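Okay, structure first, notes after.
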Amino acid sequence: MEYDVIIIGCGVTGAATAYMLSRYQLKVAVLEAENDVAVGTSKANSAIIHAGYDPVPGTLMARLNVEGNRMVGEIADKLNVPFSRCGSFVVAFSEAEVEHLHRLYDRGIQNGVPEMYLLNREETLKEEPNLSDQVCGALYAKTAAVVSPWELTLAMAEVAVKNGVELFLDTRVEAIQKENDLFKVTAANGKNYQSRYIINAAGVDSDVVHEMIGEKEFTVNPTKGEYYLLDKSEGNRVRHVIFQCPNELGKGVLVGPTVHGNLIVGPNAEPGTGRDDRATTGKAMDFVRAAALRSVPSISFRENIRNFAGVRANTEFDEFLIGESKSVKGFLNLAGIKSPGLTASPAIGKYACELLNEMGLSLIEKENYDETREVVRVRYLDAEKKNALIQKSPLYGRVICRCETITEGEIVDALHEVIPARSIAGVKRRCNAGMGRCQGGFCSPRVAAIIARELGIDETDVLEDRTGSYVLTGKMKEGLENV
């Protein structure tokens with residue numbers, strides 16, 4: 001299996017790069033260690049599309065942040081991805097922090113961020129009356145937005161696959177060699193792949209992947225961030241994403257709406273955690289809660305429906321590490337993609353294409369490129385369109401997830417997409433079944449039964465999420481008879 005380019009990793013950065021490369025007459029493969037796309041950091045983050053006032057002017061991060069902000073909006077509209085340009089506030093609680101807002105504003109102007117405004121106390125509270133009365137002012141960035149990060153990743157990966165990119169799931173890279181200008185990649189499943197170029201988009205494992213063939217150039221310091229996800233009853237608590245003034249650990253604890261109508265609160269920052277440490281702790285959640293209440297004192301944490309954690313690929317450098325390896329020609333690192341990595345992802349993909357071209361890869365655009373993507377979301381249709389859809393298939397009239405009003409037809413669609421779901425969580429990420437107040441407490445057994453039916457497998461083989469995460473062991477009645 002020989003390719004022009006192999007991309008290692010199919011989080012949002014790898015998916016965006018595959019999406020951009022799929023426009024050209026190339027043979028491209030994506031090797032993903034997990035059984036689905038967006039299983040790592042790309043599914044567990046703040047889902048914020050940052051405006052771009054935070055990165056240091058003149059850096060790659062600053063340029064790609066602002067460009068990515070514009071591109072994500074265009075891609076979300078084109079590929080039917082939930083997206084809302086709600087804007088963001090950075091709030092100040094002292095005159096010293098008000099001065100910091102002025103510095104952020106000036107930085108944003110240098111970075112080319114449009115539509116930023118400095119608000120005084122009265123203007124801030126008029127826009128967001130639920131903020132603390134201790135607020136002294138805010139920086140309002142109108143172009144900030146929220147998106148569904150896993151759906152953005154999936155949409156770009158789907159278009160890439162539709163246009164010829166080959167996606168290999170459950171394909172964890174174990175070794176990389178280079179002979180006669182060809183890379184040989186060996187996966188844990190025993191399969192081998194060859195390519196002229198390699199793109200390292202392995203996220204928190206990007207340093208490990210690079211050192212499989214190259215000299216040490218950077219070290220990923222995994223940093224865990226923990227969150228609350230609150231019910232839709234809290235979804236209107238604020239209309240904009242509310243940040244506190246950033247510090248050395250990041251952009252701080254935010255409070256913001258989600259594209260699905262919930263309220264998200266978090267994260268903290270715990271450097272030095274494990275690469276796969278996604279556990280939440282009482283101590284961390286107490287910290288997040290206290291910090292959030294400083295911004296919005298009226299948040300009702302009794303409406304919490306889920307806690308989760310994500311791991312960021314921080315390095316010793318306060319910059320994206322994008323460029324050809326210093327020790328291995330033809331090996332392109334897309335590493336250290338921390339915040340605003342989600343925002344910058346399509347711009348990173350575009351930049352990766354430019355770098356590959358400079359490295360010698362010929363980019364010839366395809367004549368026939370299919371960038372269409374249709375998604376049925378029954379709950380948003382009017383009565384006439386719903387009835388027409390149900391006439392076409394009665395499955396769209398059978399509600400499985402009552403919290404989110406997701407039908408059996410949408411679940412079946414998720415199991416037969418270009419990149420089909422293969423687990424309960426995979427269905428959840430594609431159509432929102434199980435995202436509501438009960439978090440799948442009622443619908444998960446029915447979703448599991450539909451998965452088994454549609455995939456032709458036994459229900460004991462249905463996964464919760466990752467490979468090996470089985471839900472059932474057998475029928476209770478049969479088990480009791482053998483006791």
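What follows draws every value from the coordinates through simple rules; no lab data is involved. Remember, it's a predicted structure, so these values are computed and weren't measured experimentally. Counting neighbours? That spans all protein chains shown, and the Cβs are built from the backbone with ideal geometry, glycine included.
Taking square-rooted eigenvalues a ≥ b ≥ c of the alpha carbon gyration tensor, is region 378-481 rounded, prolate or oblate, where a/c under 1.5 means rounded and, failing that, a/b exceeding b/c means prolate? It is prolate, given that a/c is not under 1.5 and a/b is the larger ratio. Think of the chain as a dipole: +1 on every Lys or Arg Cβ, -1 on every Asp or Glu Cβ, centred on the Cα centre; then among ASN200, ASN65, ALA414, ALA414 lies furthest on the positive end.
Could you calculate the contour length gain from GLU367 to ARG70, that is, 0.36 nm times the residue separation minus the distance between their Cα atoms, to one decimal place in nm? Can you show the working numbers first?
On the way: separation 297, 0.36 × 297 = 106.92 nm, distance 2.54 nm.
My answer for the length gained is 104.4 nm.
Taking every DSSP beta bridge that has both ends in the chain, the antiparallel portion is near 75%. Each Lys and Arg adds +1 at its Cβ and each Asp and Glu adds -1 at its Cβ; summed about the Cα centre, the chain shows a dipole of about 980 debye. Approximating the spin labels as points 7 Å out from Cα along Cα→Cβ, the ARG294-to-VAL376 distance works out to 4.9 nm. Let a ≥ b ≥ c be the square roots of the eigenvalues of the Cα gyration tensor of region 156-230; is it rounded (a/c under 1.5), or, if not, prolate (a/b larger than b/c) or oblate? The shape class here is oblate.
How do the peptides 369-381, 228-240, 268-280 rank, highest first, by the average count of neighbouring beta carbon atoms within 10 Å per residue?
Ranking the peptides 369-381, 228-240, 268-280 by packing returns 228-240, 268-280, 369-381.
Here's the picture: charge each Lys and Arg Cβ at +1 and each Asp and Glu Cβ at -1 in the chain, and of TYR380, TYR140, VAL161 the one pushed furthest to the positive end of that dipole is TYR380. Positive contributions from Lys and Arg (+1) and negative ones from Asp and Glu (-1), summed over other residues with Cβ under 15 Å from the Cβ of VAL328, come out at -1.
Modelled spin labels at TYR117 and SER469, positioned 7 Å past Cα toward Cβ, are 4.2 nm from each other. From most to least packed by mean Cβ count within 10 Å, the peptides 215-221, 6-12, 71-77 give 6-12, 71-77, 215-221. Put +1 on the Cβ of every Lys and Arg and -1 on every Asp and Glu Cβ in the chain; which of MET1, PRO257, THR171 then has its Cα farthest towards the positive end of the dipole? Most positive-ward Cα: PRO257.
Each Lys and Arg contributes +1 and each Asp and Glu -1, all at the Cβ; summed about the Cα centre of region 378-481, the dipole is approximately 340 debye. Extension gain for GLU459 to LYS142 (0.36 nm times residue separation, less C-alpha to C-alpha distance): 109.4 nm. In region 260-314, Cα pairs under 8 Å separated by at least six residues give a relative contact order of 46 percent. Within the chain, helices built from complete DSSP H runs that reach 15 Å or longer along their own axis (Cα positions) and carry a mean Kyte-Doolittle hydropathy of -0.5 or higher are 60-79, 149-162, 282-295, 341-358, 444-455. When the C-alpha to C-alpha distance is required to be over 29 Å, the pairs from LYS78/LYS338; LYS43/LYS329; LYS329/LYS350; LYS43/LYS78; LYS43/LYS191 that qualify are LYS43/LYS329.
Taking region 349-376 and a reference point 7 angstrom along Cα→Cβ of GLU2, the backbone N atoms nearer than 18 Å belong to 361-362. Taking the chain, the Cys residues with no second Cys beta-carbon under 4.7 angstrom are CYS10, CYS86, CYS136, CYS245, CYS353, CYS403, CYS431, CYS438. Electrostatic bookkeeping for ALA352 treats Lys and Arg as +1 and Asp and Glu as -1; over the other residues with beta carbon under 12 Å from its beta carbon, the sum is -2.
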